[in-house]
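Here the structure is laid out as structure tokens; the discussion comes afterwards.
The values are calculated or read from the model by the stated rules, or taken from the named source; none is laboratory data. These figures come from a predicted structure and were not determined experimentally. Every residue, glycine as well, gets a Cβ built from its backbone with ideal geometry; the counts of neighbours run over all protein chains shown.
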Amino acid sequence: MATMVAETTTSSTRISDAEAWRAVVARDARHDGRFVYAVRSTRIYCRPSCPSRRPLRENVSFFTTPDDAEDAGFRACLRCSPRAESAGGEAIERAVQYLDANPDRAVSLSELAAHAGLSTSHLQRSFKRIVGVSPKEYQDARRVSLFKTRLRAGDTVSRATYEAGFGSSSRVYERSDELLGMTPAAYRRGGAGVEISYTITETSVGRVLVATTDRGVCAVELGANDADVERALHADFPNARIERSTDGHRAWVRGVVERIEHPRRTPSSDVPLDMNGSAFQQRVWKALRDIPAGERRSYRDVAEAIGNPRAVRAVARACATNRLAVVVPCHRVVREDGSLAGYKWGVDRKRRLLEDEAG
């Protein structure tokens, strides 16, 4: 059994259970990072300033660190993100800013740790926990984003490779399927040469277009008629080879339709996805896929779930750039007061999807 702290120690400051409880009652943010409190009735632990309803004192235990609380079987609160507060959030923010300022070269873990003021092991663990990806994965995503930007701006593949900090064009071509879903030259031409097939079918929320590549579903569009959904697909992939077909990837299409018509039923099969985005977008889209059918989250909830509670607007932008309606369920994200926010495929359709999921 994990040991609860009678006195929580931070640097040279010692705090008693009585003082810790007073901090919880007052929601005193000055004590954030000094300890966490756990509620036995909910099995959740929080930082002292958590805005959640105050628990009964007899249900509360105090722990020095989030690791201690998790070892005792508690899980982190999604509202206050106690891990982000306790894991050197400012140091990780410095690390992210340093990587953002050096997108065109590989920053070693030791160099990054020195800049953040952390040991390499602490940096590696905390960066992954707070940002959602490792420092190397974050750098890769930044380079890919810059590489795509340079290609879209008209740079040659060689020039874009150099500007983005990749070692050689040959390495980019070796990883092009993973990075771009196509060759760099095809991406530079706006998807020219990429083959996309799509099917349109009728559902309870109108016409649904499911577009696929050999890698997986790359777009799900909702609309009132075929022309609407086809127009949206061509806008996203202006130069790809797009062909309507009822024969390709039928199981994937059925999987998408099943998520619309029977949202609370466990899908009979997984739907592979072919979706490209920044490291941040990928984290948001994964968090959206983790929201159960019938439940809703605010943009702030999603920001907290990915360990970046200040990124509310960036989360909203990531939702707006989602191309996979229903499969990546951005319709489950609402405003802080519970009212429906905007939706790429129409607020009325969003309301219908939520009502169907509510049963």
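Return yes when VAL256 is in the same structural domain as GLU230 (by TED's automatic domain parsing), under 21 Å from the mean Cα position of the chain (by Cα) and modelled with pLDDT of 90 or more and no when it is not. It is true that VAL256 is in the same structural domain as GLU230 (by TED's automatic domain parsing), under 21 Å from the mean Cα position of the chain (by Cα) and modelled with pLDDT of 90 or more. Taking each residue of region 96-107 that is small (Gly, Ala, Ser) and looking for partners that are not in a helix (DSSP H, G or I) with beta-carbon atoms closer than 9 Å, six or more apart or interchain, yields ALA106/GLY165; ALA106/GLY167.
Assessment of region 268-275 against the conditions (touching a Ser or Thr at 6+ places or on another chain (Cβ under 6 Å) and not in a loop (DSSP other than H, G, I, E, B)) yields no matching residue. Counting only residues that are modelled with pLDDT of 85 or more, over 21 Å from the mean Cα position of the chain (by Cα) and not polar (S, T, N, Q), region 99-115 holds 7 of them.
Counting only strands (runs of 3 or more DSSP E) that fall entirely inside region 31-82 and contain at least 2 residues that are β-branched (Val, Ile, Thr) and more than 23 Å from the chain's Cα centre (by Cα), the qualifying elements are 36-39. Among all positions in region 319-326, there is at least one residue which is under 13 Å from the mean Cα position of the chain (by Cα) and surrounded by 20 or more Cβ atoms within 10 Å (Cβ to Cβ). Only one of the numbered conditions (1) of a type outside the set (Lys, Arg); (2) surrounded by 17 or more Cβ atoms within 10 Å (Cβ to Cβ); (3) modelled with pLDDT of 85 or more is violated by GLN281, and that is (3).
One line per residue, one yes/no per condition, for (1) outside the structural domain of ALA141 (by TED's automatic domain parsing); (2) in a loop (DSSP other than H, G, I, E, B); (3) among the acidic types (Asp, Glu); (4) in contact with a helix residue (DSSP H, G or I) (Cβ under 8 Å, 6 or more places away or on another chain):
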residue	(1), (2), (3), (4)
ALA251	yes, no, no, no
PRO292	yes, yes, no, no
GLY307	yes, yes, no, yes
ALA318	yes, no, no, yes
VAL328	yes, yes, no, yes
LEU353	yes, no, no, yes
